[in-house]
Amino acid sequence: MQSRIFIACVFLGLFCACSALSCRWMEHRFRPYSGNSLDLLDVMAKNMTNSTDGENTVPFPDHLYSQASKASAEGKLSFAVHILKEVSALFEEDQSSASWQEVTVENFLNVVNKQADELHSCIKGHSHMKKRNTKLHLYFKRLSNEILAKMDHSADAWELIRREVKVCLIKADLLVSSLLPSN
């Protein structure tokens with residue numbers, strides 16, 4: 001009888017260790033970090049002096065998000081990590097014309113990179129991270145080329161990017177939050 005209980009405990013321990021949902025950082029720290037990244041984007045908007053219209057937007061590829069929302073836990077985390085890494089790369093571009101403070105961007109990048117690293121560690125060893133989502137990468141490339149480059153990295157261009165990135169981060173938050181226990 002004790003051996004059965006021991007085997008059940010070992011099996012349960014292995015199952016929990018292999019599950020994406022067993023990631024302590026994701027369960028306890030993701031929500032505050034996600035909220036902080038969105039708050040920092042809002043701070044950037046408060047520093048915005050120019051007004052922009054929505055003509056130059058590149059719509060988020062909702063079909064990719066729809067596919068990711070139906071994926072396994074690891075697939076959802078992989079998609080969210082990919083969004084976070086692409087956002088980080090986008091914000092590494094020339095922001096000298098942006099109206100926000102450099103320290104705000106540094107804080108934002110620190111939060112986004114921490115989220116990406118910690119969520120990536122939750123799925124490390126799984127094959128999902130080896131395959132990059134080319135269509136998602138192309139979306140961020142279009143943001144860079146069709147908005148930032150065409151508008152010479154202007155403050156207006158950065159405001160459009162900030163708005164698009166906020167949508168992306170909200171979608172990443174929804175994916176990861178769908179894996180978390182309700183409180």
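Put in line by how crowded their Cβ is, counting other Cβ atoms within 10 Å and starting with the fewest, His153, His63 read His63, His153. As a proxy for reagent exposure, Met151, Met44 were ordered by neighbouring Cβ count within 10 angstrom, fewest first; the result is Met151, Met44.
Residue exposure proxy: Leu160, Leu40, ordered by other Cβ atoms within 10 angstrom of their Cβ from fewest to most, comes out as Leu40, Leu160.
Projected onto its three principal axes, the C-alpha set of region 24-177 covers 43, 28, 20 Å, listed from the longest axis down.
Using only the Cα atoms of region 137-176, what semi-axes does the equivalent ellipsoid have when each is the square root of 5 times a gyration tensor eigenvalue? Give whole Å, largest first. The equivalent ellipsoid of region 137-176 has semi-axes of 21, 12, 4 Å. Model label sites at Arg163 and Leu180, defined 7 Å from Cα along the beta-carbon direction, differ in position by 2.8 nm.
Any read-out appearing in this document is the output of simple, stated calculations on the displayed coordinates, not a laboratory observation. For clarity, every value in this text was computed on a predicted model and none was experimentally measured. We place every Cβ from the backbone using ideal geometry, glycine too, and count neighbours over all the protein chains shown.
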